[in-house]
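Working notes, structure below.
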Amino acid sequence: MAPRGGRASAAGSALEKSLRVLEAVAAPHGPHRLTDLAAAAAVPKSSAFRILTSLIEQGFVRQGADSRYGPGPRLRGLGALVTGGEPASIGHVLGELRRTTGHTVHLALHTGETITYIRKLEGDQPFRTASRIGMRMPLHTTAIGKSILAHLPDEEVRTLIAATGLPQRTPRTLATTEALHAQLAEVRARGFALDDEENEPTIRCVGAAVLGPDGRPVGGVSVTTVTLLASREEIETYAPALRAAAQALAPLL
């Protein structure tokens, strides 16, 4: 039966284009160039770019430093579910980190001027955080975001901050570029970042970057709790387990 009106037809067409682009991304011999993906999916280059941007934000596609596109963690995860593959999966790594710490665990991707949460496992504590999968958060206020910034060249950090500014989400948010750069130097020295009520009152997080093969951060992982349950000193003790999880996640992202 033909769809009624034009909206359903247009939506179906958009879905078909997105699926064709996704299939092209997953084809062998990747990562692939934008031009090649557009040709393989039979969509205009501008449309392919818009689709890829959305798929990157949702974690289904990953863009490398050479601007080529390959499967992202959510696409790889779907493949593992279909084929029954579980060892060394993202879920296994995050689950181990949650069991070790007892607190909420987040996995996020670096998506331009923000991070985007793609996985969340609630802790066994009697509270729930407001974060959700698909939510975008600033780089300078979050533990994951600061761990990512710490692994970017200084010039790239300056460009990002010039574009976004340093909006204050709480009274504890870093307010100057000098303070931010000083903290990023600490992150590089320690191997993890801390969000001490800088993004949300009463919320404390510790995060570590997940690095790609080229050494650039593709995302990060964090442990989140409330200030009443864990002091700054206590949550910092999770850093070794956090760094181990970040290393285990690297080949999966």
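Just so it is clear, none of the values below were taken in a lab; they were calculated from the coordinates. What you see is a predicted model, and the numbers here were worked out from it, not measured in a lab. Cβ coordinates were reconstructed from backbone atoms using ideal geometry, including for glycine residues, and neighbour counts include every protein chain displayed.
Estimated from the Cβ-Cβ distance and a Förster radius of 51 angstrom, the FRET efficiency linking Ser231 and Ala39 is about 0.35. Within the shell of other residues whose beta carbon sits under 12 angstrom from the beta carbon of Ser147, the net charge comes to +2, with Lys and Arg scored +1 and Asp and Glu -1.
Rg then Dmax, both in Å and based on the Cα atoms of region 138-253: 13.5, 39. Between 0 and 90 degrees, the angle of helix 7-26 with respect to the longest Cα principal axis of the chain falls at about 70 degrees.
Enumerate the lysines that Lys146 could reach by cross-link, defined here as Cα to Cα under 20 Å, with residues fewer than 8 away along the same chain left out. The qualifying lysines are Lys120.
The charge dipole of region 159-217, taken about the Cα centre with unit charges on the Cβ atoms of Lys, Arg (+1) and Asp, Glu (-1), comes to about 100 debye, rounded to the nearest 20.
Neighbours of Gly64, meaning other residues whose beta-carbon lies under 13 angstrom from its beta-carbon, give a summed charge of +2 when Lys and Arg score +1 and Asp and Glu score -1. By the scheme Lys and Arg +1, Asp and Glu -1, what is the net charge of all other residues having a beta-carbon under 13 Å from that of Pro217? Around Pro217, the surrounding residues sum to +2. When the Cα positions of Thr224, Pro44, Gln247 are compared along the charge dipole of the chain, Pro44 comes out farthest toward the positive end, with charges on each C-beta of Lys, Arg, Asp and Glu. With the charge dipole of region 146-251 set up from +1 on Lys and Arg Cβ and -1 on Asp and Glu Cβ about the Cα centre, the Cα lying farthest toward the positive end among the listed residues Thr237, Val210, Ala150 is that of Val210.
Only one of (i) 28, 23, 16; (ii) 33, 21, 18; (iii) 38, 21, 17 was calculated from the structure for semi-axes √(5λ) of the Cα gyration tensor in Å, and its label is (ii). Dipole size of the chain about its Cα centre, with +1 on Lys/Arg Cβ and -1 on Asp/Glu Cβ: approximately 900 debye, rounded to the nearest 20. For region 157-201, taking Cα atoms only, Rg and Dmax work out to 10.9, 28 Å respectively.
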